[in-house]
Amino acid sequence: MKFSFTVVTVLFCTSLFAQTNIQFRSQKTYPGKNLANIGGYVDGLGNEYALVGTSTGLSIVDVTNPATPVEKFAVVGPTSDWREVKTWGNYAYVTTEGGASGLQIINMTYLPDSVQTKFWMGDGAIANQLETIHALHIDNGFVYLYGSNLSSGTALMANLSDPWNPTYSGKLSGAGSTYVHDGYVRNDTLWSCHIYDGSFKIYNVANKANPVLLATQNTPSNFTHNAWLNDAGSILFTTDEVNNSYLTAYDVSDINNIKELDRIQRAPGSNAIVHNTHILNDYAITSWYKEGVVIHDVSRAGNMIEVGNYDTSPLSGGGFDGCWGVYPYLPSGTIVASDISQGLFVLTPTYVRGCYLEGIITDTLSGVSLNNVKVEILTAGKIKNSNSLGEYKTGLLTAGSYSVQYSKPGYITKVLSGVALNNGVLNNLNVQLMPIQSMTINGQVKRASNNASLANATVHLHNIDFDFVVTSDVNGNFSQSGFFSGTYDVEVGKWGQVTYCASGVVINNSTGSLTYALQDGYYDDFSLDFNWITGGNATSGAWVKGVPIGTTNAGQPVAPGSDVTNDCGNQAFVTGNGGGSAGSDDVDNGNVVLTSPVMNLSSYVDPYIHYSRWFVNTGGATTGNDTLTIKVSDGTTTALVERVLFSTPGNGTWVNKSYRLSDFITPGSVMRIIVETADWPSGGGHLVEAGLDLMKITEGLTTSLNNTTEMRFDVYPNPNSGEFDLAFNLDGNNGLVEILDMTGRVVYSQKLNPAQSQIKINQKFAEGMYMIKLTGTYGSGMKKMIITK
């Protein structure tokens, strides 16, 4: 099919975005269309083209004059937000996940006058079966197709001896031949990116009918998206398509001993997502979604340095928008980049080498190498840490004379002034640090009720530099040598006692003996380890104690990224806790069970259980059918306290719950709490995640922690627009709910009767923050609530 010449309007603008060593030349927008990946081509007359994947096809844009891009042809293809393009000779090969048309082939031999296109849906063993393809790579006359509808999306291979009529040659099979998202091929070696396995795999594909797996390597965020070799073939660079991801360099000169050399982020802590990297003359030119185009000097792959950037997007942070792809291989040096919502960018780079500072750090007295020494180029704010061998590698773009600070807990900080850094030059600077004299601290843990000593209590003293954990002996005494003066956070606890915690505690030579008195009671906020038991038969998503790492699904939050706010520390029990995509470490193919240590509740008159939990059951092809259950057991009888469903209010957020145990079971001397969630085997492919925090048992509904008394209740949703539910337990007594604005003025009040456990409130409140106060016989509690429009 031939297409006629079309004149289009090109938007010219002056860039307002951040840029370093990359000059803006022009921009072409595509109203009503999103862009995907991009390639490049040079015709027989020397004209340069950007091959731009759009949501409706391939846009062929003449960028010979970078200031005036002109679309020559809009080659229609299946509608899709995913489109990839690579060239071989005078042909472009385009893949997409839309429609059922296979591989699109575009003959560009007759540019700038005309192009021809056709679709190849396979031949031979896959004749007319090839429909959708995610990505591709071409090397040495073979096209490699990734993520297709065939063979679970593993790599397919076709011969391009006749570029207009490919012939199927083989596929990956056997061990490791799972879904391939993308890949890179050179000289019959395939570096396949297994995004869901979190690894790249190396195959010998000289025999296309019988590829051989040579090696496997996981990548930092276990979501391997793209890979590219340096010119020498000794270093492989990879990207992971998740929040706060890295461009990572590996020494692959010996594939039996692959070594990670360095990893680097753009805008660390911002959730920025790296996408596709390409290597040219030992520079990595990378599309970094909302951070645009980024250039790193990777000539010293163990010390990658950012030397250029151009931000194509007005957005920032995580999520999938901004720069999808970049193509740096046009003969003129022009870079073309595709931004999903902002269009085509034509850019001119200036490639500059970084300034390198490297060396080894040792102990002055012993000569031992020091790891985790923080090396900071002060005025530049550039920070790196030394490795296990004491080696440090850092640097920056701008040459000059700098002050460099070397610091490590337990050592005297050293600042070196006048350190000369020059572009393309290595300054090798070895450093020695003098250790600081340590001290020994002593203390005792006692019961607050009778002053008796407490054996086997855990004392945790920590700050940003040090972390000490010590256990009290049979007399409640503890001692820690090698301790350094400073300001610490403190948690002290034991199962059967209420954990004590404090922050900003100064401990030095004049502090004296430390004494901690613990109240009686069952309490666990998971800041300490009281040996809860984890079990179940699921293949992933096991219960893990740690700082919660949030997850997302399709760019939307799923699991909370923090614990509850009114307890000690910042840890909780959560399922999986792998972070990133919710589907990468959720509960799959079975159940996961969390069981508390034994509790003796026989002396309690009217015990209540309190806890905070969250649950998510979403995604999939059908309505959620999985559950989170909280049960209590006396060793013989197990009673259900709460069942949380996919539709339970407040899911995906921490919800506080309180229950009278005698409503479910007779409290005894061998009680346990059992928390279970599962991916039940009824199909649907749902996401299942859960969390537990701040568990305690109290006498009556009153809860006591750090000398405060409060009534526990739930508000959901929160934030809300003025319509919300309030759930509570008055234990058969009257109560009062009041809503106060931030001046303390009561703007709403309602009396509660003993029969009520939940009410709905629907009022017109001004936008802002409010406090809800609930008062009952056993005390009162307050909770923040945010009203939005």
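One line per residue, one yes/no per condition, for (1) touching a Leu at 6+ places or on another chain (Cβ under 7 Å); (2) not in a loop (DSSP other than H, G, I, E, B):
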position	(1), (2)
66	no, no
85	yes, yes
92	yes, yes
99	no, no
122	yes, no
128	no, no
152	no, yes
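Looking across the range 373-393, just one residue is in a loop (DSSP other than H, G, I, E, B), loosely packed, with under 14 Cβ neighbours inside 10 Å and in contact (Cβ under 8 Å) with a residue 24 or more places away in the chain, and that is 389. Check the range 623-642 and report whether any residue there is assigned to a strand (DSSP E or B), of a type in the set (Asp, Glu) and open to solvent by less than 20 Å² (accessible area, probe 1.4 Å). Among the residues of the range 623-642, at least one is assigned to a strand (DSSP E or B), of a type in the set (Asp, Glu) and open to solvent by less than 20 Å² (accessible area, probe 1.4 Å), which makes the answer yes.
Applying the criterion of being assigned to a loop (DSSP other than H, G, I, E, B) and modelled with pLDDT under 90 to the residues of the range 532-557, the residue that is nearest to the chain's Cα centre (by Cα) is 550.
Take the conditions open to solvent by 40 Å² or more (accessible area, probe 1.4 Å) and not acidic (Asp, Glu) and apply them to residue 396. Does it pass? In short, no. Figure legend. Inter-residue proximity from the range 131-157: first residues on the phi > 0 side of the Ramachandran plot, second residues assigned to a strand (DSSP E or B) and open to solvent by 20 Å² or more (accessible area, probe 1.4 Å), beta-carbon distance below 6 Å, spacing 6+ or different chains. Indicated pairs: 151/171. The set of residues from the range 299-333 being hydroxyl-bearing (Ser, Thr, Tyr) and open to solvent by 10 Å² or more (accessible area, probe 1.4 Å) comprises 299, 316, 327, 329, 332. Tallying residues that are of a type in the set (A, V, I, L, M, F, W, C) and within 24 Å of the chain's Cα centre (by Cα) within the range 558-610 yields 9. Filtering 190, 236, 213 for residues that are modelled with pLDDT of 95 or more and open to solvent by 10 Å² or more (accessible area, probe 1.4 Å) leaves a single hit, 213. The strands (runs of 3 or more DSSP E) found wholly in the range 158-216 and carrying at least 1 residues that are under 18 Å from residue 252 (Cα atoms) and aromatic (Phe, Trp, Tyr) occupy 182-186, 189-194, 199-204. In the set (1) at pLDDT below 95; (2) over 27 Å from residue 577 (Cα atoms), residue 634 fails one condition alone, (1). So which residues in the range 307-341 are farther than 29 Å from residue 551 by Cβ and in a loop (DSSP other than H, G, I, E, B), if there are any at all? Correct list: 328, 329, 330, 331, 332, 333, 334.
Residue check: is residue 169 among the small types (Gly, Ala, Ser) and either more than 29 Å from residue 118 (Cα to Cα) or open to solvent by 60 Å² or more (accessible area, probe 1.4 Å) (or both)? So residue 169 fails the test. Taken over the range 715-761, residues that are part of a strand (DSSP E or B) and either open to solvent by less than 60 Å² (accessible area, probe 1.4 Å) or of a type in the set (D, E, K, R) (or both) amount to 23.
Would you check if there is a residue in the range 279-288 being over 23 Å from residue 222 (Cα atoms) and outside any strand (DSSP E or B)? Yes, the range 279-288 contains at least one residue that is over 23 Å from residue 222 (Cα atoms) and outside any strand (DSSP E or B). Restricting the range 399-413 to residues that are part of a strand (DSSP E or B) and hydroxyl-bearing (Ser, Thr, Tyr), the residue that is surrounded by the fewest Cβ atoms within 10 Å (Cβ to Cβ) is 401. Scanning the range 494-553 for residues that are of a type in the set (A, V, I, L, M, F, W, C), open to solvent by less than 60 Å² (accessible area, probe 1.4 Å) and closer than 30 Å to residue 222 by Cα yields a total of 7. Selection of the range 414-439 for residues being open to solvent by less than 70 Å² (accessible area, probe 1.4 Å), outside any strand (DSSP E or B) and more than 20 Å from residue 300 (Cα to Cα) yields only 438.
Just one of the listed residues (18, 74, 50) is open to solvent by 10 Å² or more (accessible area, probe 1.4 Å), aliphatic (A, V, I, L, M), under 17 Å from residue 287 (Cβ atoms) and in contact (Cβ under 8 Å) with a residue 24 or more places away in the chain, and it is 18. Restricting attention to the range 32-47 and to residues that are assigned to a loop (DSSP other than H, G, I, E, B) and more than 32 Å from the chain's Cα centre (by Cα), the residue that is surrounded by the most Cβ atoms within 10 Å (Cβ to Cβ) turns out to be 43.
Filtering 79, 132 for residues that are among the β-branched types (Val, Ile, Thr) and either farther than 26 Å from residue 153 by Cα or open to solvent by less than 50 Å² (accessible area, probe 1.4 Å) (or both) leaves a single hit, 132. Select, from 584, 562, the only residue that is open to solvent by 10 Å² or more (accessible area, probe 1.4 Å), at pLDDT below 90 and on the phi < 0 side of the Ramachandran plot. When all the criteria are applied, what remains is 584. Residue 124: on the phi > 0 side of the Ramachandran plot and open to solvent by 10 Å² or more (accessible area, probe 1.4 Å), yes or no? Here the answer is yes, as residue 124 does meet what is asked.
Among the residues of the range 291-306, those that are outside any loop (DSSP other than H, G, I, E, B) and among the hydrophobic types (A, V, I, L, M, F, W, C) comprise 293, 294, 295, 305.
The values are calculated or read from the model by the stated rules, or taken from the named source; none is laboratory data. This is a predicted model, so every value here is computed, not measured. Reconstructed Cβ throughout: ideal geometry from the backbone, glycine too, with neighbour counts over all protein chains shown. Protein only, heavy atoms only, side chains kept; ligands, DNA and RNA dropped before computing areas. Shrake-Rupley method; radii C 1.70, N 1.55, O 1.52, S 1.80 Å.
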